[in-house]
1. Applying the Karplus parametrisation 6.51 cos²θ - 1.76 cosθ + 1.60 with θ = phi - 60° to the phi angles of segment 165-174, what ³J(HN,Hα) value in whole Hz is obtained for each residue in order, glycine and proline being reported as x?
2. For ASP530, put the label point 7 Å out on the Cα→Cβ axis and report which residues of segment 400-437 keep their amide N under 15 Å from it.
3. Counting other C-beta atoms within 10 Å, and keeping those with at most 14, which DSSP coil chymotrypsin sites (Phe, Trp or Tyr not before Pro) do you find in segment 342-432?
4. For the ranges 436-443, 469-476, 533-540, what's the packing order if you count other beta-carbon atoms within 10 Å of each residue, average per peptide, and put the highest first?
5. If we count other beta carbons within 10 Å of each Cβ, what is the order of MET468, MET588, fewest first?
6. Using Cα positions and a limit of under 17 Å, work out the lysines in reach of LYS674, with same-chain residues fewer than 8 apart set aside.
7. In the chain, what % of DSSP beta bridges are antiparallel (nearest 5)?
8. Just add up the charged neighbours of LEU47: K/R +1, D/E -1, any other residue whose Cβ is under 12 Å from the Cβ of LEU47.
Amino acid sequence: MSKRIEEYEGFQGRIGRTHAESEPWWPTRAHPKSGSPNVIVILFDDLGFSHLGCYGSTIDTPNIDRLADEGLRFTNFHVTPLCSPTRAALLTGRNHHAVGMRSISNFNSGYPHMRGHISNNAATIAEVLRDTGYATFALGKWHLCPMTDCSAAGPFDQWPLQRGFDRFYGFLDGETDQFHPELVYDNHWIEPPGRPEDGYHLSEDLVDKAVEFVHDSVGVRPDRPFFMYLAFGATHAPHQAPQRYLEKYRGVFDEGWDVWRERWFARQKELGVIPADTELAPRNPGVEAWSDLSDNQRRLACRLQEAYAAFLDHTDDQIGRLMESLTDLGIADDTMVVLLADNGASQEGGPFGVLHEMKFFNFLIETPDEAIARIDEIGGPHSHSNYPWGWAQVGNTPFKWYKQNTHEGGIHVPCIVRWPKGLAARGEVRDQFHHVNDIVPTIYEVLGVTPPDVYRGHEQMPVSGTSMTYTFGAADAPSRKKVQYYEMHGHRAIYHDGWKAVTRHQPGTPYDADTWELYHVAVDRSEVDDLAAKEPERLAALIDLWWAEAEREGVLPLDDRGLELMGVRFAEHTPHPVDRTYVYRPPMAPLPAQAAAALGGRSWDLEAHVSLAPGQGGVIYASGTENSGMSVYVEDDRLVFDYNIFGEHHVVRSSESVPDGRSILSLAFRREGKAGSATLLIDGRDVGRLAIPFVMRTMSSVGPSVGYDHGSPVADSYARRRDGFPFEGRLDRLEIRLVRAGSEADVAASEGRAQMGRQ
């Protein structure tokens with residue numbers, strides 16, 4: 001060796017021939033400066049500006065309201081219009097395009113602004129704080145890794161533990177079933193620890209683990225502060241809650257969205273979270289007057305809103321449990337809590353709302369008259385519901401438009417900061433303009449942390465957000481955040497010192513043909529008075545500023561593509577082989593949908609090489625949930641295929657018994673226009689055929705499992721089992737071959753259809 005070991009270490013003692021002739025030295029481990037508080041960031045999904053009680057709602061959120069009473073409410077706080085981009089900005093303190101997340105993490109467009117993960121040139125706050133000695137925990141929704149990399153095969157470089165978190169417990173995709181979640185613990189997939197009939201719900205599980213992580217850390221190292229990122233699945237669809245919470249809201253919203261929007265608007269003025277002269281924006285296009293709806297439309301809409309309210313109420317109780325645990329440890333007052341939402345209320349429920357969201361992504365319009373037959377399932381494990389536009393706009397009161405849009409309804413959300421030891425203010429409001437990329441620099445300033453210029457060999461882009469700490473003790477301080485651009489799928493906006501230019505973009509329309517609106521949001525918070533015609537010079541200057549910011553922040557090229565970018569790409573170095581043949585061998589962890597063979601909307605062949613003894617059975621391959629999906633299994637010595645079309649089971653059983661010993665069990669699935677067919681084969685013999693009335697382009701947000709049915713059971717015949725009906729014989733290998741479609745572009749679009757709106 002050219003160097004001795006002490007030189008590599010930078011040893012500062014003295015080494016002689018013996019211990020008596022030497023002087024020991026211990027390097028100092030990184031540790032936060034004295035008095036550094038714990039930090040918890042709590043993130044809601046698809047929660048509008050008015051949804052919390054302390055921002056105008058009548059939904060019960062007493063624990064969140066208590067955080068506001070003991071801290072500050074920011075009433076002019078903004079985010080991006082979609083979840084992954086907001087999370088990227090929240091965890092880095094930079095704008096979302098700059099860090100490679102112009103849209104959701106489910107695809108990579110080939111441009112630096114859309115890589116499907118946070119750029120390595122933008123260290124997360126967890127990476128920075130861990131290197132200063134903080135313990136770091138992430139719980140809940142991640143959605144900051146390409147989903148093709150989220151199987152048990154990895155690569156893991158963009159999973160939470162590789163981006164700065166010591167511990168992780170949650171899910172990697174944009175949504176999950178709250179009763180049957182797709183769970184990851186640290187770096188491995190696990191089955192949920194309970195089932196709905198046991199009283200299991202993901203939000204409770206997340207807080208159980210959050211408390212455990214804190215106890216594990218503080219119990220052994222009370223000197224070491226922690227940073228926790230708690231990103232609930234709430235209140236993203238599916239809106240699901242325990243039955244007692246659903247029953248609590250029965251009939252509460254029967255007066256309809258027009259009445260409740262006016263009430264929440266009045267409460268907002270009473271609470272001081274909007275200026276007293278704010279106008280209520282008119283109903284969005286497509287939102288009908290409540291009085292014009294049919295009885296079934298009103299019944300369905302109310303039940304869907306009840307499920308949302310129950311979901312939020314239940315989540316609030318979990319936040320209360322977390323805060324109680326901190327109080328019991330004596331650390332609640334020295335913990336800085338930041339609570340916010342990732343975007344405004346969702347528009348993915350459409351004009352009527354949906355009992356099963358996947359119908360929406362299959363272009364199946366479920367009318368209220370049809371859905372009403374299953375109304376009692378809403379909010380429980382047998383539904384995947386989302387509410388209609390009318391209730392979404394109530395959640396965004398007093399604004400217009402929704403999530404995905406760059407109008408205030410998509411980007412203006414609650415933000416609460418509570419830190420009793422560091423904040424003298426209690427129950428006060430701060431109205432300075434701020435943005436989600438301001439959270440990280442605020443925390444850095446509080447902790448006295450300077451982010452590195454180089455992190456693990458990667459030059460770091462500057463943190464571009466503005467610290468909010470100047471507002472903590474100065475309610476009337478002028479806002480230091482003067483400029484903020486917005487862009488999402490071609491929707492654009494620019495804020496500058498109280499003024500805002502904004503446009504809604506229609507995909508495929510030339511960008512120069514977009515109509516820009518102009519608002520003086522300092523006095524017209526709800527964007528009611530469009531001044532574009534009165535002040536064309538100001539509008540032109542703001543549009544020019546948008547282009548300048550877009551150039552500087554890496555927004556270009558503008559790209560309104562979505563679905564066509566999210567289909568499977570058959571290529572080397574991906575989970576999707578060029579020959580379109582997938583070979584799986586159990587035991588295997590569940591597969592995320594985008595890392596597995598994509599069976600939606602196309603023809604495919606399945607071939608299982610098995611060995612069975614008489615009476616043995618089990619699932620060979622299953623994908624989806626009890627609400628929609630498919631399962632191939634052996635039961636009562638017969639090969640069975642169940643194609644579950646949103647609760648309508650189409651089943652075929654083999655005419656012959658599966659032979660003893662080795663055999664090849666096959667299924668040939670063929671799409672024929674909107675319909676299709678399935679043929680069962682045993683050792684090449686045709687043993688059963690099934691006509692498929694409708695081929696689902698998107699079966700489910702839940703991916704497949706090999707050798708058992710994980711999570712919610714797809715097939716009725718084994719739904720009573722609690723073990724996923726594991727294959728009882730030997731499953732040597734499973735081959736799935738995708739049949740080439742006539743138009744690969746059409747197939748790619750259909751395969752990605754669920755992802756865009758679900759996030």
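1. For segment 165-174, the Karplus curve yields 9, 5, 9, 9, 8, x, 9, 9, 8, x Hz.
2. 400-401, 406-408
3. Details: sites: PHE352, PHE360, PHE361, PHE363, TRP389, TRP391, PHE399, TRP401, TYR402; in loops: PHE352, PHE361, PHE363, PHE399, TRP401, TYR402.
The qualifying sites are PHE363.
4. On the way: 436-443: 25.5, 469-476: 15.0, 533-540: 12.5.
Going by the mean number of other Cβ atoms within 10 Å, highest first, we get 436-443, 469-476, 533-540.
5. Values: MET468 27, MET588 17.
Least to most surrounded, the residues fall as MET588, MET468.
6. Qualifying lysines at Cα under 17 Å: LYS359.
7. Values: 92 of 121 bridges.
Antiparallel bridges: around 75 percent, rounded to the nearest 5.
8. On the way: positive: LYS403; negative: ASP45, ASP46, ASP316, ASP342.
Residues near LEU47 contribute -3 overall.
FYI, it's all coordinate maths here, none of it is from the lab. These figures come from a predicted structure and were not determined experimentally. With ideal geometry, Cβ positions are generated from the backbone for all residues, glycine too; neighbour counts draw on all protein chains shown.
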